[in-house]
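The values are calculated or read from the model by the stated rules, or taken from the named source; none is laboratory data. The structure displayed is predicted, hence computed values, not measured ones. Note that we place each Cβ from the backbone using ideal geometry, even for glycine, and neighbour counts take in every protein chain shown.
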Amino acid sequence: MSEHDLRRFGDETAPDGADVQHLRERLAEQRQADEQAAALLRELPSPDGYAELRVRSRVRATLRGPRPSRAPRWLAAAGAALLLIGLGLLLREDPPVQGTVASGTTEPLPGLQLAAAGVGQLGGTESAPRVDWTSGTLRVEVEPSAGLDVEVVTSEARVRVVGTVFRVERNGLGTQVGVTRGRVDVHCTDGTGHELGGGEDAICLPVTASGLLARARALQGLGEHSGAVEAARQGASKASEGPIATELQLVEAQALAGAGRRDEASLAVEQLLMGGAAHRKADALRLAIRLAGSEAPCSAIEPRLQTLSELGATAAELGRLADCVAPRDTIRARALLLRALDSKPDGEEKAALRRRLRALRR
Amino acid sequence: MSLTVDPERVEDALDGDVAARDAVLDAAMPAVLGWCTRLGGPRVDPEDAAHDVLVTALRRLDSLRDAEAFGSWIYGITRRTLAVHRRRAWLRQWVPGMPELVDGGDSPLRQRELSEIARDVQDVLEKLPVAQREILVLRLVEDRPDSEVAELLGLPIGTVKSRLRLARDRFRKLASQRGLDAWVLPATGEITR
């Protein structure tokens, strides 16, 4: 390439003045941006003059001490697994609890308070205690934070609760559950269920013949004769024979009489007497006599009074039998009245018996 | 401020020479402490982190294959240690009972009053990715040349330059959003109140 060509090449490739200026401006902008950023960044905290000394002495002290052992990772993993298994076993272990719940206030487990007026048995585990409540009133208070799963079980009901205050009363009527605070789930043995909140209550009825007999008697005692009849009939359906069946038939008849259902009562007592009435024959006979009425003719009641006198009649019953016998056998009537007087009747009745005895002598 | 160490001193330190170990420690100390202070963020105690870095480095000197690469080797340890400390600091705020390290905490360094602008700059820096954060500190705060930054980070120089440009632009944008540009006089690059 000649010198001329070189000069021409140089002229042709020489940068334009404007381009150079533009490039310079861009470089200056970039430098300025760097400076601005650097100026701000230099405000970042920096170590103080003694930091190096402090760190150096700490490093030296650390290096003088024993070097921490580095266990293999698999060992650490195995240790962690064992720890988890142990923790799981520990958590799974739930010691059993056992004891008698007698009248009084006790705290058999932290977070569980029992106020009892009756008899029961404590069982289950420490995290899931169970009270088998036999009779009486039991007030249960479970702290929600205690994490207890408490169960109260009676013949009629199963009450499960996590944190609340409630009362379980078991008597002749059944098991009554009343909730003071919180919610409880009540599962009755008869298959019914109740979800109770604060202030609500429910009753679980007995399901066995003996339980229904107790309920019928309790209702009878409360003057709720219709309910007693129903309970007795339910009980009778579960006990076709035996002493409980006899009792249920008698209670039914008595309750019918109490409810004023005289004809049904008479029919029930006749059925009972036809069946023999076993140990409750005297009561059945009395009821039959009572149902016949005070004005009933002797022909209707005398045989029953006679049977009753053999079983152990009262002074009044003996006197009434004497009245029936007297027209045809005064000696036997007098003997009956003397027997009545021997049974130590009260003053008024005694006086009446004496008057009748004197009349027969005449 | 190039980070170098005499290979013979490394050998001596490995043989149990305390003086040689101290020489290595002294060589690394200023840089490590500076990195931990500027890159740890507000929740990491820089002296704790620097202590851990240096102890790890001195105990694992045998893993240093090439004494010439001491700088990038110890920077790698610092980067990993800071990541651990940052994770711990993050966890500390969620674990009950663990005292959270905040500015003005136990560390004497933290007890030093940070200026308001320093806190703001630190907050802005925390918003950047680690890669951009470290390149800004190494390049603009510590004034290390591109080649040394490239060596420390194990990156090509071109990558360092492009990453620096991105980091600087992002930093300036975030600083501007925070109102920090008002502190800077463009003509002189000085900071005024």
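Counting only helices (runs of 4 or more DSSP H) wholly contained in region B:1-99, the ones carrying 1 or more residues that are of a type outside the set (Ser, Thr, Tyr) and surrounded by fewer than 13 Cβ atoms within 10 Å (Cβ to Cβ) occupy B:7-14, B:18-39, B:70-92. If you scan region A:157-178, which residues turn out to be under 10 Å from the mean Cα position of the chain (by Cα) and buried (at least 20 other Cβ atoms within 10 Å of the Cβ)? Across region A:157-178, the qualifying residues are A:Ala157, A:Val159, A:Val161, A:Phe166, A:Val168, A:Glu169, A:Thr175, A:Val177. Summed over region B:100-136, residues that are more than 9 Å from chain A (Cβ to nearest Cβ), modelled with pLDDT under 50 and in a helix (DSSP H, G or I) total 1.
Taking the listed residues B:Trp94, B:Trp90, the one that is modelled with pLDDT of 60 or more and either farther than 12 Å from B:Arg43 by Cβ or within 11 Å of chain A (Cβ to nearest Cβ) (or both) is B:Trp94, with no other qualifying.
For region A:183-191, check the following and say yes or no: at least one residue is surrounded by fewer than 15 Cβ atoms within 10 Å (Cβ to Cβ) and in contact with a Leu (Cβ under 7 Å, 6 or more places away or on another chain). The answer is yes, given that some residue of region A:183-191 is surrounded by fewer than 15 Cβ atoms within 10 Å (Cβ to Cβ) and in contact with a Leu (Cβ under 7 Å, 6 or more places away or on another chain). You will find that of A:Leu318, A:Leu285, A:Leu305, the residue that is touching a Lys or Arg at 6+ places or on another chain (Cβ under 7 Å), part of a helix (DSSP H, G or I), under 19 Å from A:Ala265 (Cα atoms) and in the same structural domain as A:Leu357 (by TED's automatic domain parsing) is A:Leu305 and no other.
Of all residues in region A:259-282, those satisfying the criterion of being in a helix (DSSP H, G or I) and surrounded by 17 or more Cβ atoms within 10 Å (Cβ to Cβ) are A:Ala265, A:Ser266, A:Ala268, A:Val269, A:Leu272, A:Leu273, A:Arg280, A:Lys281, A:Ala282.
Annotation note: Cβ proximity below 9 Å between a residue of region B:62-78 that is closer than 20 Å to B:Cys36 by Cβ and assigned by TED's automatic domain parsing to the domain that holds B:Val32 and a residue that is of a type in the set (Asp, Glu) and not in a helix (DSSP H, G or I) (sequence gap 6+ or interchain) occurs for B:Trp73/B:Asp66.
Scanning region A:23-53 for residues that are at the interface with chain B (Cβ under 7 Å from one of its Cβ atoms) and not in a helix (DSSP H, G or I), we see that the one that is farthest from the chain's Cα centre (by Cα) is A:Arg42. Just so you know, in region B:144-180 the residues that are in contact with a Lys or Arg (Cβ under 8 Å, 6 or more places away or on another chain) and closer than 25 Å to B:Ile77 by Cα include one that is surrounded by the fewest Cβ atoms within 10 Å (Cβ to Cβ), and it is B:Asp146.
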